[in-house]
Amino acid sequence: HTKHMGRNGYHFFQPSMNALAQTQLHLLNDLWSALEHQEFRLVYQPKFNAPSGPVIGFEALLRWDHPQRGRLTPDVFLPLAEKTGLIVPLGNWVVDEACRQLSEWRKQGRLVWSIAVNLSTLQFEQSALVETIIATLKKHDVPADKLILEVTETTAMNNPDESVRVLTKLTELGVKASIDDFGTGYSSLLYLKRLPASELKIDRAFVRELSRKGDDATIVSAIVALAKTLNLKVVAEGVETEEQRAFLTELGCNTLQGYLLGKPVSAESITAEAYIHPDENIHEGK
Ligand code: C2E
Ligand code: MG
Ligand code: MG
Ligand code: MG
């Protein structure tokens, strides 16, 4: 209870709070120059048609190769980037880099069905989003229907009328939208129905504890049923075990993503592995 905490109580907590605050302050300081110094990287995690392939696309995930701290994951720096607004130029860099990479693979004759990028709330709500996306696709000569924008349920429902408007514009161009971390936000079913998305991604939290008799199985079945009703593809993220893979497939998830099937890796190792299916006749599953 802070109320009863005397001087000593306050002092007791101070050192650790200082350390945290200091780390954040240092990171904040470094964050501004990191973009300029090209310290950000994208890694790519495959999405598979259930149960085991083919790869139907990749999700780009941001990493920061900090000169002193090594490779940092988004949980460490994204909140700071969002608070400071840096996420907007950083997020635009992500879209640019993912499209550049996709276009490089295409020039090598590699078939990649789609590339997905995550958009933060601030980035999604920037007024220039649609223009920026159009310009980026054009710059790299990437067809709009290769790009998937992943926005979380929470972001999409932050200002639902605006989300419907922006996503309608984007989908009219051919860009696809995916509702990420589904089940963790508060969707209005009315808006969900109006959102022109093409897929729902079931949050990892429901996959993690999936067992045949638990509540999460019921929730996953309900999400799958909802997705089918709305004619959306349903993706399960965070698939780590064979049991989860088998059960999710049984429940009707068409696409799987997770460490069991493929971890996020560098573009170079995807190129090297020829991960990308050479068969032109394989169509993306619905
Ligand atoms: P997300 O979009 O839901 O991405 C899934 C996260 O789960 C990724 O973490 C991925 O590495 C991790 N993951 C995938 N499969 C498994 C698995 O089987 N087990 C476990 N334990 N984890 C798995 P990551 O890369 O740390 O990204 C975390 C979140 O940061 C992302 O969640 C996304 O919301 C955000 N993010 C990542 N890259 C970007 C970006 O370029 N821009 C924006 N705005 N947000 C990003
Ligand atoms: Mg995502
Ligand atoms: Mg997710
Ligand atoms: Mg997530």
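The values are calculated or read from the model by the stated rules, or taken from the named source; none is laboratory data. Because the structure is a prediction, the values reported are computed rather than measured. No Cβ is skipped: glycine too gets one built from the backbone with ideal geometry, and neighbour counts run over all protein chains shown. Protein only, heavy atoms only, side chains kept; ligands, DNA and RNA dropped before computing areas. Shrake-Rupley method; radii C 1.70, N 1.55, O 1.52, S 1.80 Å.
For L119, are the conditions met, namely being more than 12 Å from ligand 1 (Cβ to nearest atom), among the aliphatic types (A, V, I, L, M) and either modelled with pLDDT of 95 or more or open to solvent by less than 40 Å² (accessible area, probe 1.4 Å) (or both)? So L119 fails the test. In segment 96-116, the residue that is nearest to E162 (Cα to Cα) out of those that are open to solvent by 60 Å² or more (accessible area, probe 1.4 Å) and at pLDDT 95 or above is R100. Those strands (runs of 3 or more DSSP E) of segment 135-217 in which 3 or more residues are at pLDDT 95 or above and either over 28 Å from W105 (Cβ atoms) or charged (D, E, K, R) (or both) occupy 176-182.
Taking each residue of segment 102-113 that is under 16 Å from E273 (Cβ atoms) and charged (D, E, K, R) and looking for partners that are modelled with pLDDT under 90 and not in a helix (DSSP H, G or I) with beta-carbon atoms closer than 6 Å, six or more apart or interchain, yields R110/I276.
The selection criterion, being touching an Asp or Glu at 6+ places or on another chain (Cβ under 7 Å) and either within 16 Å of ligand 3 (Cβ to nearest atom) or without any contact (Cβ under 8 Å) to a residue 12 or more places away in the chain (or both), holds for A116. The set of residues from segment 187-222 being more than 23 Å from E162 (Cα to Cα), more than 15 Å from ligand 4 (Cβ to nearest atom) and not charged (D, E, K, R) comprises L210, S211, G214, A217, T218, I219, V220, S221, A222. Of the residues in segment 78-95, not one is at pLDDT below 95, surrounded by 12 or more Cβ atoms within 10 Å (Cβ to Cβ) and in contact with a Lys or Arg (Cβ under 9 Å, 6 or more places away or on another chain).
Put simply, of A205, A197, A236 the only residue that is surrounded by 13 or more Cβ atoms within 10 Å (Cβ to Cβ) and either among the acidic types (D, E) or more than 11 Å from ligand 3 (Cβ to nearest atom) (or both) is A197.
Yes/no matrix, rows are residues, columns are (1) open to solvent by 30 Å² or more (accessible area, probe 1.4 Å); (2) within 16 Å of ligand 4 (Cβ to nearest atom):
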| residue | (1), (2) |
| --- | --- |
| V142 | no, no |
| E153 | no, yes |
| N159 | yes, no |
| S163 | no, no |
| T168 | yes, no |
| G174 | no, no |
| G185 | no, yes |
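Looking only at segment 118-176, residues that are among the charged types (D, E, K, R) and closer than 21 Å to P46 by Cβ come to 4 in all. Scanning segment 125-140 for residues that are touching a strand residue (DSSP E or B) at 6+ places or on another chain (Cβ under 8 Å) and open to solvent by 10 Å² or more (accessible area, probe 1.4 Å) yields a single hit, L137. Can you report the number of residues in segment 60-89 which are within 15 Å of ligand 4 (Cβ to nearest atom) and either touching an Asp or Glu at 6+ places or on another chain (Cβ under 7 Å) or small (G, A, S) (or both)? Residues in segment 60-89 being within 15 Å of ligand 4 (Cβ to nearest atom) and either touching an Asp or Glu at 6+ places or on another chain (Cβ under 7 Å) or small (G, A, S) (or both): 1 in total. Annotation: T255 fulfils all but one of (1) among the β-branched types (V, I, T); (2) under 24 Å from G174 (Cα atoms); (3) open to solvent by 50 Å² or more (accessible area, probe 1.4 Å); the unmet one is (3).
Counting just the residues of segment 208-220 that are within 19 Å of G258 (Cβ to Cβ) and open to solvent by 40 Å² or more (accessible area, probe 1.4 Å), which one comes out nearest to ligand 2 (Cβ to nearest atom)? By that ranking, first place goes to R208.
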